[in-house]
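In what follows, a structure is listed as structure tokens, so that the remarks can point back to it.
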Amino acid sequence: MTGHEMTLAAADMSFDTLLEQHYHFRAAMAQQPENYLIVIETRDIEAAHAQGKTAVIWNSQTASVLDGDLKKMALLKDMGIKSMILAYNDIFRTGSGQLAAYNGRDIGLTPWGKSVIDEMVRFGILLDLSQTGSKTTNDAMDYMDENYPGVPYVYTHSVPAGSARMRQTPRQMAVIEPFQTTRHCEQPSPEDTYRPHSQNG
């Protein structure tokens, strides 16, 4: 395995928590510099492969690390964050996650969510649609396509519901019952979020 994307901040973490986590991971990696390479550019992945190192790509599963300050996006970019999720399962200032959507509370992409996307695009941080509710996801894709045509968005850890062999009902969006709790939900995403995504490439 050449490398992996690693979550640096999850759910409702603050910027201070992100800094602390970032420090501990980097300090541990600094003890074994021969084993790890932090990815800044695509060619770093190739270099890690050639050197027999593990390429580490940072991901944030929350926009709450901004602490309401869009200027922090530039710092996240400098720290090596390559992708960010707008809403992890629950309702956030940016929009709704998958679990909230399953429970009928998908508020869609908010004005703040649009501002976050604007800054992500400005600094080259990929929009990650994993864990995000259907309406919020579709709103985000529409916003990207209308305002930033050709700029990609990704799913880093979700699969189309139709390709997953799981219990499904038309209303439930393919929830995997044993893994759904009030705090966490790992589930495939609805097909309506994948069709436009596939057109984006």
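The values are calculated or read from the model by the stated rules, or taken from the named source; none is laboratory data. Remember, predicted model here, so these are calculated numbers, not experimental data. Please note: Cβ atoms are built from the backbone with ideal geometry, for glycine as well, and neighbour counts cover all protein chains shown. Just so you know, the surface numbers come from the protein's heavy atoms only, side chains and all, with ligands and any DNA or RNA stripped out. Shrake-Rupley method; radii C 1.70, N 1.55, O 1.52, S 1.80 Å.
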> Out of all the residues in region 27-40, which are out of contact with any helix residue (DSSP H, G or I) (no Cβ under 9 Å at 6 or more places or on another chain) and open to solvent by 80 Å² or more (accessible area, probe 1.4 Å)?
Replying inline: 31, 40
> For region 119-142, what are the residues that are surrounded by fewer than 21 Cβ atoms within 10 Å (Cβ to Cβ) and more than 15 Å from the chain's Cα centre (by Cα)?
Replying inline: 122, 123, 135, 142
>> Quick test for you: out of 77, 71, pick the one residue that is open to solvent by 30 Å² or more (accessible area, probe 1.4 Å), basic (Lys, Arg) and in contact (Cβ under 8 Å) with a residue 40 or more places away in the chain.
In response: 77
> Counting just the residues of region 89-106 that are surrounded by 24 or more Cβ atoms within 10 Å (Cβ to Cβ) and hydrophobic (A, V, I, L, M, F, W, C), which one comes out nearest to the chain's Cα centre (by Cα)?
Replying inline: 92
> How many residues does region 102-153 contain that are more than 20 Å from residue 89 (Cβ to Cβ) and among the acidic types (Asp, Glu)?
Replying inline: 5
>> Which count do you get for residues in region 1-26 that are under 20 Å from residue 86 (Cβ atoms), among the hydroxyl-bearing types (Ser, Thr, Tyr) and assigned to a loop (DSSP other than H, G, I, E, B)?
In response: 1
> Is one or more of the residues making up region 102-110 of a type outside the set (D, E, K, R), over 23 Å from residue 75 (Cβ atoms) and touching a residue at least 60 places away in the same chain (Cβ under 8 Å)?
Replying inline: yes
>> So for region 54-61 (the condition being under 15 Å from the mean Cα position of the chain (by Cα) and surrounded by fewer than 16 Cβ atoms within 10 Å (Cβ to Cβ)), does at least one residue qualify?
In response: no
> Given the conditions (1) surrounded by fewer than 16 Cβ atoms within 10 Å (Cβ to Cβ); (2) under 19 Å from residue 16 (Cα atoms); (3) not basic (Lys, Arg), which single one is not true for residue 51?
Replying inline: (2)
> Can you tell me how many residues in region 85-118 are of a type in the set (Asp, Glu) and touching a strand residue (DSSP E or B) at 6+ places or on another chain (Cβ under 8 Å)?
Replying inline: 2
